[in-house]
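Working notes, structure below.
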Amino acid sequence: MAADARVVALVPAAGRGVRLGAPIPKALVPVCGAPLLVHAVRGLLAAGCVDQVVVAAPPDMVDVVVDALREFGPTVRVVPGGEERSDSVRLALDEAVSTHPDTRVVLVHDAARCFTPPEVIRAVVEAVRAGAPAVIPVLPVADTVKEVDSAGHVVATPDRSRLRVVQTPQGFDIDLLRRAHDQQDAPVTDDAGLVERLGEPVATVAGHPHALKITTPFDLVIAEALFSGAQL
Ligand code: CTP
Ligand code: MG
């Protein structure tokens, strides 16, 4: 793939944020002076390697999201999201393919990982442009992880040294991601999971603790503590 292959970032932001428990969708919750989604889009564009952004918004709040993202101009498009995260990704992907058919690289980036450092975004793009069809940022696991059964009894202790926690943006050759979504037969929590089901290889690059996903009120406190006062 060309070193300057065109890159689109899809930002699933259509979730309700049930675990955060705010009265508005999570993507619109303010943190460090701006909605999560605004930080996320700003971060993608600041990486300097993203040509276009497509945001999947809560279907009943498309107008509010369009308004919140007005400062970015036509580089950022907004589509109504879907029932599940993977539906939102597919709808954003369809928009990207129809508006920019020359796109070769697609990133899928959770709005909730709004403080992902630009160097992580660049590392994912560079790895895809260098020929890896699927790339995910990962971190080592600090805690021991147990597998339990439905009664809560431990059934296994996987070797921690072989485990990784997965972040976004996840990067793909666009044809592979389209194929992966076309063949989806059961829910997955990340897009690389769909690629794995096709038997295609998924490469890893170093993630970053700042790419944490804001999921609970605790995470919001951590993000405020880490990034208020930072140059955002
Ligand atoms: N997402 C989406 N469409 C959905 C569900 C989720 O675009 N139907 C997005 C969220 O907006 C978020 C990302 O996927 O940016 C990761 O999902 P998660 O952190 O689980 O967010 P929510 O689904 O909003 O939160 P919760 O599961 O607590 O309701
Ligand atoms: Mg969710």
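Each reported figure results from applying straightforward, stated rules to the coordinates on display, with no laboratory input. Keep in mind that what you see is a predicted model, and the values were worked out from it rather than measured. We place every Cβ from the backbone using ideal geometry, glycine too, and count neighbours over all the protein chains shown.
Of the candidates ASP149, ASP190, ASP185, the single residue that is surrounded by 12 or more Cβ atoms within 10 Å (Cβ to Cβ) and out of contact with any Asp or Glu (no Cβ under 6 Å at 6 or more places or on another chain) is ASP190.
Within the stretch 168-178, is there a residue that is part of a loop (DSSP other than H, G, I, E, B) and of a type outside the set (S, T, N, Q)? Give the derivation first.
To start, the set of residues in the stretch 168-178 that are part of a loop (DSSP other than H, G, I, E, B) comprises 168-169.
Adding the requirement that they be of a type outside the set (S, T, N, Q) leaves 169.
Yes; the residues of the stretch 168-178 include at least one that is part of a loop (DSSP other than H, G, I, E, B) and of a type outside the set (S, T, N, Q).
Annotation: of all residues in the stretch 11-37 being in contact (Cβ under 8 Å) with a residue 40 or more places away in the chain and more than 16 Å from ligand 2 (Cβ to nearest atom), the one that is surrounded by the most Cβ atoms within 10 Å (Cβ to Cβ) is VAL31. Only a single criterion out of (1) within 16 Å of ligand 2 (Cβ to nearest atom); (2) at negative phi; (3) surrounded by fewer than 18 Cβ atoms within 10 Å (Cβ to Cβ); (4) not in a helix (DSSP H, G or I) is not satisfied by ALA3, namely (1).
Among the residues of the stretch 76-97, those that are part of a strand (DSSP E or B) and either touching a His at 6+ places or on another chain (Cβ under 8 Å) or buried (at least 19 other Cβ atoms within 10 Å of the Cβ) (or both) comprise VAL76, VAL78, VAL79.
Considered as a group, the residues in the stretch 202-219 that are in contact with a strand residue (DSSP E or B) (Cβ under 6 Å, 6 or more places away or on another chain) and not in a strand (DSSP E or B) include one that is farthest from ligand 2 (Cβ to nearest atom), and that residue is VAL202.
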